[in-house]
Each structure stands twice: as structure tokens, then as C-alpha cells.
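Data first, discussion second: the structure below is written as C-alpha cells.
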Amino acid sequence: MLYDKDIREPLFDFLEAYYGKIRILEEKQMGRSRADIVMILPSSVVGIEIKSDADTYARLQRQVKDYNQYFDYNYVVAGSSHAMHIEEHVPEWWGIITVEQVDGEADFYILRKPKENPGVNQKKKLSLLWRPELAHIQELNRLPKYRQRSKQFVMEKILLGVPGDILREQVSQELFERDYTRIEEIIREYKKR
């Protein structure tokens with residue numbers, strides 16, 4: 001039986017081998033759910049939900065709804081106890097990765113590749129960004145700075161002023177380049193406002 005802790009680290013290696021250069025964020029709050037993994041690719045954001053052999057489907061319906069609002073693509077990683085039935089629990093555009101134990105190691109197989117998520121809410125996806133990252137997108141697109149306005153106001157202006165395909169790539173780039181060593185500095189800046 002594989003548990004989340006047995007799957008997570010080997011999954012990162014598998015995803016990097018499959019996709020190349022990626023950025024991984026863990027346990028990211030989105031909506032009423034928490035994404036197990038957010039994989040950042042150069043031009044898209046991918047949500048990944050792990051359902052280990054020890055997990056149930058109790059929260060999956062709500063998680064699917066939340067993931068669908070935030071991410072360009074989604075995967076469910078299913079332990080062998082779920083592999084035969086997981087397709088019934090996720091939309092057809094979700095990718096499915098199965099994992100089983102082979103010679104004491106987690107072995108991954110892409111059962112179904114993800115298709116582009118038709119229900120992404122661009123405003124919710126933008127909310128994943130920090131205020132300095134939003135400011136950088138404003139700068140890239142020559143939008144007014146709106147320094148004294150709320151994050152919600154700034155997001156609305158970005159959505160109105162930046163074409164969707166350009167914004168999608170810029171959001172991915174901001175998340176890809178995020179510098180977590182600056183988090184304390186960013187918090188201090190935010191508290192000053």
C-alpha cells in the first residue's frame with residue numbers, strides 16, 4: 001500500500017523527467033480546497049491531486065470543482081486501489097497518473113493525458129499571484145500602477161487590459177520565477193500599506 005508520503009517525492013522526479021523544467025508548489029490553498037501540488041510549466045499552471053491507496057473520494061467532488069477554477073490543466077494521481085475507478089470521479093479533461101509499488105519503489109504511468117481545462121476562472125487564477133507579481137504584469141503590459149487600490153481592483157484592470165493568451169503565459173512566468181527567499185520582505189511591504 002502506498003501512502004501520500006511514499007508518492008510525493010518520487011512523483012516530483014517523474015514529472016520533471018516527463019515535462020523537463022518545472023516548478024513545484026505544495027499545499028496551495030485554492031477556494032475551499034488545498035491543492036496537493038501545483039506544477040508550474042513555462043506557459044501553464046497544472047493542479048495535481050494525489051489519491052493514495054489510503055485515501056477516499058469523500059472530498060474529491062469539491063476538490064475537482066475548486067481545481068477546475070484555478071488551473072489550466074489538472075491531474076489526479078491514483079494509487080493502485082483507485083486505478084480501476086478513478087475515471088468515474090474526475091472530468092474527461094483531467095489527466096490520470098496511476099502509481100503502484102514495484103520492487104519497493106513508486107512506479108508511475110500516465111493513463112490519460114490532460115486536456116485544457118474549459119472552466120478556468122482567470123480572476124481566481126490571478127489571485128495565486130502576490131501583489132508585486134501583479135505589479136510586474138501591469139508594468140509588462142504598460143498598464144497604470146494603481147498603487148493605492150486593492151488587489152481585487154488591480155486584478156480586474158489586468159483582466160480588462162491583457163489578452164487571455166498573453167496573460168496565461170505571464171501568470172505562469174511569474175509563478176515560475178517566484179523567489180521564496182523574498183517572502184518576509186514582501187510581507188513587510190504589504191503591512192506598510
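The values are calculated or read from the model by the stated rules, or taken from the named source; none is laboratory data. Given the structure is predicted, the values throughout are model-derived calculations rather than measurements. For neighbour counting, all protein chains shown are included, and Cβ atoms are generated from backbone atoms with ideal geometry for every residue, glycine included. The area values use the complete protein model at the heavy-atom level, side chains included, leaving out ligands, DNA and RNA. Shrake-Rupley method; radii C 1.70, N 1.55, O 1.52, S 1.80 Å.
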Can you tell me the length gained on complete extension of the stretch Arg147 to Glu88, counting 0.36 nm per residue apart and subtracting the Cα distance?
16.6 nm
Give Lys113/Lys151; Lys51/Lys157; Lys115/Lys145; Lys28/Lys113; Lys5/Lys157 a once-over and call out the pairs whose C-alpha atoms are over 31 Å from each other.
Lys113/Lys151; Lys51/Lys157; Lys115/Lys145; Lys5/Lys157
According to a simple spin-label model (label point 7 Å from Cα along Cα-to-Cβ), what is the distance in nm between Ile24 and Tyr3?
1.8 nm
What figure in square angstrom, to the nearest 10, would you give for the accessible area of Asp13 with a 1.4 Å probe?
100 Å²
Picking from Tyr19, Tyr75, Tyr67, which is most flexible by a Gaussian network model of the chain using Cα springs under 10 Å?
Tyr19
In the chain, if every C-alpha pair distance is counted and binned at 5 Å from zero, what percent goes to each bin?
1, 7, 16, 19, 18, 14, 10, 7, 5, 2, 1, 0
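Is the C-alpha gyration tensor of region 1-51 telling us rounded, prolate or oblate? Criteria: a/c under 1.5 is rounded; beyond that, a/b larger than b/c is prolate, otherwise oblate.
Working: a/c = 2.61, a/b = 1.05, b/c = 2.49.
Cα axes put region 1-51 in the oblate bin.
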Got a number for carbon plus sulfur as a percent of region 1-109's accessible area, 1.4 Å probe?
47 percent
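With a sphere of radius 10 Å drawn around the Cβ of Pro42, what net charge do the other residues whose Cβ falls strictly inside it have (Lys, Arg +1; Asp, Glu -1)?
Taking every other residue near Pro42 into account, the sum is +1.
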Most mobile of Gly161, Gly104, Gly95 in a GNM of the chain (Cα contacts under 10 Å):
Gly104
Provide the net charge surrounding Lys21, with neighbours chosen by a C-beta distance below 14 Å and charges set as Lys +1, Arg +1, Asp -1, Glu -1.
-2
So for the chain: antiparallel DSSP bridges make up what percent, rounded to the nearest 5?
65 percent
Checking region 1-104 for GluC sites (Glu not before Pro) in a loop per DSSP with at most 11 other beta-carbon atoms within 10 Å yields Glu92
Provide the FRET efficiency to the nearest 0.05 for the Glu100-Glu177 pair, computing r from the beta carbons and using R0 = 35 Å.
0.50
Residue-normalised value, i.e. accessible area per residue, for the chain at 1.4 Å probe, in Å², stands at 56 Å²
